[in-house]
Amino acid sequence: MNFMKEQSVSLQCTEGNSDKVYNIQLVVAPISGVLWNVNFQYGRRGNTLTSGTKNSTPLAYEAAFKIFNKLVAEKIGKGYISCPETGGELVTMTSNENKSSDTKVRPQLLNDIEPHLLKHFIDDDNFCAQQKFDGMRRLLIKTGEKIVGANRKGLIVDIPVSLVGQVDCISDEDFILDGEAVGDDVHVFDIIHHLWTYKERYEWLRDNLDGKVTPNIKLVKTAWTPVQKQELYTQLFQANTEGIVFKRIDALYSPGRPNSGGNQFKLKFVETASCIVAQVNETKRSVRLVVYKGTALVYVGNATVYANQPIPKVNDVVEVRYLYWYPDGSIYQPVLLGIRTDVKPEECTISQLKAKPESVSNEQDNT
């Protein structure tokens with residue numbers, strides 16, 4: 001078990017008049033050398049902390065790891081967040097021995113629709129609607145005592161340790177949650193079950209997530225009636241979100257993306273594209289972007305790397321949001337969203353770019 005390692009999390013709660021800390025460690029038990037303890041310390045910041053051990057006797061790694069995860073999830077559910085002095089990040093399972101292994105699970109992918117079809121999907125009672133989130137596809141897989149995350153290719157990836165405990169408290173049965181990871185949160189919109197309709201799958205999510213301590217696992221709000229769908233669309237459009245999704249409520253789960261049609265669709269309010277980093281200007285915190293046109297790489301613009309983002313490396317694939325693309329030129333108003341580890345460079349083609357609409361004038365470009 002080369003994945004076994006000591007881990008620690010430092011949390012704080014500063015709501016209202018509170019200024020409390022809560023530290024949790026997963027460590028090898030003294031003397032035994034093979035068994036594990038979950039230790040904790042808590043109290044007001046600056047005062048002597050109360051300390052203890054969560055388990056009464058040393059445990060095998062798997063059992064102690066489960067207690068560690070649940071304790072982290074419990075404290076986050078009570079309003080604690082990670083301490084800035086620890087880097088602001090919760091521990092992730094970076095040493096998972098099966099990392100990058102293929103789970104053989106494939107998520108259902110959506111086809112695009114044109115804006116003129118919007119009214120049809122809003123009025124059709126056979127379809128529900130949800131927000132399209134601007135993140136990375138994430139599967140949360142529970143098999144017995146084992147919980148892992150996977151990307152849209154079905155490959156095992158690291159997930160925040162807090163998610164493990166939260167997934168574990170959802171249900172005793174095995175399941176696969178399907179959602180979008182945004183930061184440390186996963187916005188869940190489906191459970192992979194090939195014999196249930198989408199409405200039945202969503203009802204399972206609602207029944208099993210409501211009332212549970214899952215602060216980082218969020219059930220996606222769903223609109224079912226034409227009135228609700230119109231209200232959701234207006235809200236999402238005005239908030240400048242990425243888009244809206246429509247799903248046929250009586251359809252079964254269908255992995256992959258159909259060549260055309262299908263049962264789930266997306267309408268983007270803004271465009272996104274996967275590009276390759278050709279050059280990094282660290283002094284200006286910007287990157288030069290290229291995509292494939294046939295077998296050649298062509299320039300499509302520069303994007304700023306914001307202060308809260310890691311600077312990508314040359315040949316990294318990054319996701320960029322933009323308004324439109326000037327054919328044979330650059331993308332307009334590019335915004336770097338982040339590095340994509342689940343997209344291959346050869347998938348970054350010029351065919352994914354949406355050209356500037358004829359109705360957009362140069363005067364509009366300059367506003």
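The values are calculated or read from the model by the stated rules, or taken from the named source; none is laboratory data. Please read these numbers as outputs of a predicted model, since none were measured by experiment. Neighbour counts run over all protein chains shown; Cβ positions are idealised from the backbone, glycine included. What goes into the accessible areas is simple: the full protein's heavy atoms, side chains included, and nothing from ligands, DNA or RNA. Shrake-Rupley method; radii C 1.70, N 1.55, O 1.52, S 1.80 Å.
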| query | Under the Karplus relation 6.51 cos²θ - 1.76 cosθ + 1.60, θ = phi - 60°, what is the ordered set of whole-Hz ³J(HN,Hα) values for segment 54-61, x standing for Gly and Pro? | reply | 5, 8, 6, 9, x, 10, 5, 4
| Cross-link partners among lysines for K247, C-alpha distance below 23 Å, same-chain residues fewer than 8 apart left out? | K119, K132, K153, K199, K218, K221, K229, K266, K268
| query | K293: which aspartates and glutamates have alpha carbons under 13 Å from its alpha carbon, excluding same-chain residues fewer than 8 sequence positions away? | reply | D328, E346, E347
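Assuming 0.36 nm per residue, please report the length gained on full extension of the stretch N315 to S101 beyond their Cα-Cα distance.
On the way: separation 214, 0.36 × 214 = 77.04 nm, distance 2.28 nm.
74.8 nm is the gain from fully extending N315 to S101.
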| remark: Summing -39500 (n - 2.57) over every DSSP H run of at least 4 residues in the chain and dividing by its residue count gives a helix-only mean residue ellipticity at 222 nm, to the nearest 500 deg cm²/dmol, of -5000 deg cm²/dmol
| remark: For segment 213-242, listing chymotrypsin sites (Phe, Trp or Tyr not before Pro) in a DSSP loop whose Cβ sees at most 16 other Cβ atoms within 10 Å gives W224
| said: Which aspartates and glutamates, if any, have their Cα less than 16 Å from the Cα of K20, not counting same-chain residues under 8 positions apart? | reply: E74, E85
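Quick one: order Y42, Y292 from most to least accessible surface, probe 1.4 Å.
Working: Y42 95, Y292 70 Å².
The ranking, largest first, comes out as Y42, Y292.
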| remark: With x for Gly and Pro, the residue-by-residue ³J(HN,Hα) of segment 145-157, computed from phi through the Karplus equation 6.51 cos²θ - 1.76 cosθ + 1.60 at θ = phi - 60° and given in whole Hz, is 8, 9, 9, 9, x, 9, 8, 5, 8, x, 8, 5, 10
